[in-house]
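Have a look at the structure below before the remarks.
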Amino acid sequence: MAVIISGKEVSARVRSEVKAECEQLKSKGICPGLAVIIVGDDPASKVYVNNKKKACADVGFVSEEYALPAETTQEELLALVEKLNHRPEINGILCQLPLPKHLDEKAVINAISPMKDVDAFHPSNVGRIMIGDYHFLPCTPAGVMEMVHTAGIEVSGKNCVVIGRSNIVGKPMAMLLLHENGTVTICHSKTKNLKEICSNADILVAAVGKPKFVKGDMVKEGAVVLDVGINRDENGKLCGDVDFEEVEPKASYITPVPGGVGPMTIAMLMKNTLMAAKIQNNIE
Ligand code: NDP
């Protein structure tokens, strides 16, 4: 039987800490502000943006939503980012991805001021993570690490395997484990002997995007299993990249889906926005 690391509980604690710090900032006349840009009407993106707005209200931040029509041009979008870059009361800017096909995501990410890039997607912030000298961490991998720390799991010297090499999850996840002295292997769709590599992991992170991809026979007895995936199973039910029923009896710790890594992502976004407000106001 594994210990289940509850993202609901850990994220609630992070959010209450952010809220307390926000109150302190407000007593100094500073109110953190987050601008969220959404282009088009993708229903999933709308849900994410609404959740971010609610989280801001909950911790005491000001949030501004810019809901732009799907036919918004690149120039219009970049002009909005530029305007927000110059507004001192806006400390964090994020553009909800994916963008409609005619827009250049890379150009938009590059246009956000690195000091306001609370998603930590800007190349300058990505580079800072590589050298271990960063202000912001990408929210999902940072959320996974927060859960690892809360559970008291030691990473140093452990054999860590990350399945997935995306820029927003897999690669930064591997880097954070490396910073904590894990011995890290990154797997992807061209990896040979995936099962064998995974079965040697002390800490296994699944960021594949395939429902119940990690089976019981891919996991070592006593492994820590961290499930980043958000998928729907054959019955339309929310599930992770890990087959929880099969893996949980073998793992020492496991994150569930739902209620695992998912709630951590927004909590870490709040933490990054608070950090941005502090840096921009020369606090700490
Ligand atoms: P991507 O689709 O960008 O990346 C998936 C990765 O998995 C790729 O590197 C791909 O390899 C690898 N992969 C695919 N198939 C296999 C396979 N058969 N064997 C080994 N590796 C494979 O997804 P993301 O990183 O954006 O997201 C991963 C999951 O995490 C998704 O379920 C997503 O919904 C979820 N997610 C959850 C978040 C949260 O808040 N909890 C936030 C962000 C994402 P290759 O590079 O070779 O194609």
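The values are calculated or read from the model by the stated rules, or taken from the named source; none is laboratory data. Because the structure is predicted, anything quoted here is derived from the model rather than measured. Every residue, glycine among them, receives a Cβ derived from its backbone with ideal geometry; neighbour counts consider all protein chains shown. These area figures cover heavy atoms from the full protein model, side chains too; ligands, DNA and RNA do not enter into them. Shrake-Rupley method; radii C 1.70, N 1.55, O 1.52, S 1.80 Å.
The table below gives the values:
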quantity: Test result for GLU246, outside any helix (DSSP H, G or I), more than 11 Å from the ligand (Cβ to nearest atom), over 30 Å from ASN85 (Cα atoms) and open to solvent by 20 Å² or more (accessible area, probe 1.4 Å); calculated: no
quantity: Residue in the range 11-36 that is most open to solvent (accessible area, probe 1.4 Å), counting only those that are touching an Asp or Glu at 6+ places or on another chain (Cβ under 8 Å) and among the hydrophobic types (A, V, I, L, M, F, W, C); calculated: CYS31
quantity: Index of the failed condition, ILE230 passing every other in (1) aliphatic (A, V, I, L, M); (2) in contact with a Phe, Trp or Tyr (Cβ under 8 Å, 6 or more places away or on another chain); (3) near the ligand (Cβ under 10 Å from one of its atoms); calculated: (2)
quantity: Criterion: within 16 Å of the ligand (Cβ to nearest atom), at pLDDT 95 or above, open to solvent by less than 20 Å² (accessible area, probe 1.4 Å) and not aromatic (Phe, Trp, Tyr) - qualifying residue of ALA223, ALA207, ALA201, ALA251; calculated: ALA201
quantity: Which listed residue is at pLDDT 95 or above, surrounded by fewer than 24 Cβ atoms within 10 Å (Cβ to Cβ), within 12 Å of the ligand (Cβ to nearest atom) and part of a helix (DSSP H, G or I), from PRO258, PRO263; calculated: PRO263
quantity: Residue count for the range 159-198, restricted to those that are open to solvent by less than 50 Å² (accessible area, probe 1.4 Å), within 12 Å of the ligand (Cβ to nearest atom) and of a type in the set (A, V, I, L, M); calculated: 8
quantity: Single residue of the range 210-220 satisfying the filter (in contact with a Cys (Cβ under 7 Å, 6 or more places away or on another chain) and more than 23 Å from MET145 (Cβ to Cβ)) that is surrounded by the fewest Cβ atoms within 10 Å (Cβ to Cβ); calculated: PRO211
quantity: Residue check, PRO88 part of a loop (DSSP other than H, G, I, E, B) and more than 19 Å from the chain's Cα centre (by Cα); calculated: yes
quantity: Pairs with Cβ under 9 Å, 6+ apart, first in the range 160-177 and in contact (Cβ under 8 Å) with a residue 60 or more places away in the chain and aliphatic (A, V, I, L, M), second open to solvent by less than 40 Å² (accessible area, probe 1.4 Å) and more than 9 Å from the ligand (Cβ to nearest atom); calculated: ILE163/CYS198; ILE163/LEU204; ILE163/VAL205; ILE163/VAL214
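This table checks each residue for (1) closer than 19 Å to GLN74 by Cα; (2) at pLDDT 95 or above; (3) surrounded by fewer than 20 Cβ atoms within 10 Å (Cβ to Cβ).
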{"site": "HIS102", "(1), (2), (3)": "yes, yes, yes"}
{"site": "MET115", "(1), (2), (3)": "no, yes, yes"}
{"site": "ILE131", "(1), (2), (3)": "no, yes, yes"}
{"site": "HIS135", "(1), (2), (3)": "no, no, yes"}
